[in-house]
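Below is one structure, written out as structure tokens; comments come after it.
The values are calculated or read from the model by the stated rules, or taken from the named source; none is laboratory data. Fair warning: this is a prediction, and the values are worked out from it, not measured in the lab. Cβ: placed from backbone, ideal geometry, glycine included. Neighbour counts: every protein chain shown. Just so you know, the surface numbers come from the protein's heavy atoms only, side chains and all, with ligands and any DNA or RNA stripped out. Shrake-Rupley method; radii C 1.70, N 1.55, O 1.52, S 1.80 Å.
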Amino acid sequence: MSTSHLSGTPSGIERLAAYVLDFDGDMYGQDERERTRWYEGIALAAAVQWVVVPWVMAITVWSASAATAHVMRDIGIAFLLPMLLATLYVTRRNVDTTVHRWTAKRIIGTLLTVIPIFVFLAGYAHVTGMSTATRWGMFAGALVGGGSVIVTTVVARRRGTS
Amino acid sequence: MRIGKRAGGVVRAERADGGAGEAVRARRKQAGLTQQALAASVGVSRQTIISMETGDYAPSVYLALKVAGALGASVEELWGDPVDQAPAG
């Protein structure tokens, strides 16, 4: 593993990336072009997964048992959390992640990824027999959690650009 | 050289005459090298040389310098626009 391409002390996420992405090895092809194509392919697969998996969960949870719904919830968390690594990593590597323009593609993409999460939560609450108060608490938690992520990201970006 | 945008918004160098990579092929043949031999000398796969010659892949500046060195040419000769290199008159 090499992190020699990095300036300064590599962070944990950069060390993880250097190991997983095998920067100095041949796991992703023999040269820079093949590596780029592999990374493009992986990014494509992740982008498709990012939409398909939440939608499958959102649809199937309604016919699942409570026990299965709990398992789906855990798998969903294990699936979604690592996806945050993408933004964390590119931010660390000085990529400007500020959204300059909300294009139709960006809006549709956001809706396609956010809506199924809330549909899944509704289905999860339904099949696990949550009380109304608990349901509202869960949705409020989701909103507050999502809002916190957005606020934290905006603050971090402003600090990074000031 | 013209900097153009292709599908996906990726910025790549493009030859105004559409002949990106043609110069690489011509100089390689002139040097009497096969695609495999050039690939071996610069440490890339043969497919990558093919992609450069067809204009599908614009190499990094480091690889471009290696290829230029192996062919006894400059990067501008291989990937520059002939219009830019024409002597001013």
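Observations on the structure shown:
Residues checked against (1) within 14 Å of another protein chain (Cβ to nearest Cβ); (2) surrounded by 12 or more Cβ atoms within 10 Å (Cβ to Cβ); (3) at negative phi; (4) without any contact (Cβ under 8 Å) to a residue 40 or more places away in the chain:
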residue: A:ALA18; (1), (2), (3), (4): no, yes, yes, yes
residue: A:THR36; (1), (2), (3), (4): yes, yes, yes, yes
residue: A:ILE42; (1), (2), (3), (4): no, yes, yes, yes
residue: A:ALA47; (1), (2), (3), (4): yes, yes, yes, yes
residue: A:VAL51; (1), (2), (3), (4): no, yes, yes, no
residue: A:ASP74; (1), (2), (3), (4): no, no, yes, yes
residue: A:ARG92; (1), (2), (3), (4): no, yes, yes, no
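- For the residues A:MET83, A:MET130, the requirement of being surrounded by 11 or more Cβ atoms within 10 Å (Cβ to Cβ) and in a helix (DSSP H, G or I) singles out A:MET83.
- Only residues that are surrounded by 14 or more Cβ atoms within 10 Å (Cβ to Cβ) and in a loop (DSSP other than H, G, I, E, B) were counted in the range B:68-82, giving 4.
- The residues in the range B:44-67 that are surrounded by fewer than 19 Cβ atoms within 10 Å (Cβ to Cβ), in contact with a Leu (Cβ under 9 Å, 6 or more places away or on another chain) and at the interface with chain A (Cβ under 7 Å from one of its Cβ atoms) can be counted, and the count is 0.
- Checked against the criterion of being over 16 Å from the mean Cα position of the chain (by Cα), more than 14 Å from every other protein chain (Cβ to nearest Cβ), open to solvent by less than 70 Å² (accessible area, probe 1.4 Å) and without any contact (Cβ under 8 Å) to a residue 60 or more places away in the chain, the range A:55-66 contains one or more residues that satisfy it.
- Scanning the range A:20-31 for residues that are more than 21 Å from the chain's Cα centre (by Cα) and open to solvent by less than 100 Å² (accessible area, probe 1.4 Å) gives A:ASP22, A:PHE23, A:GLY25, A:TYR28, A:GLY29, A:ASP31.
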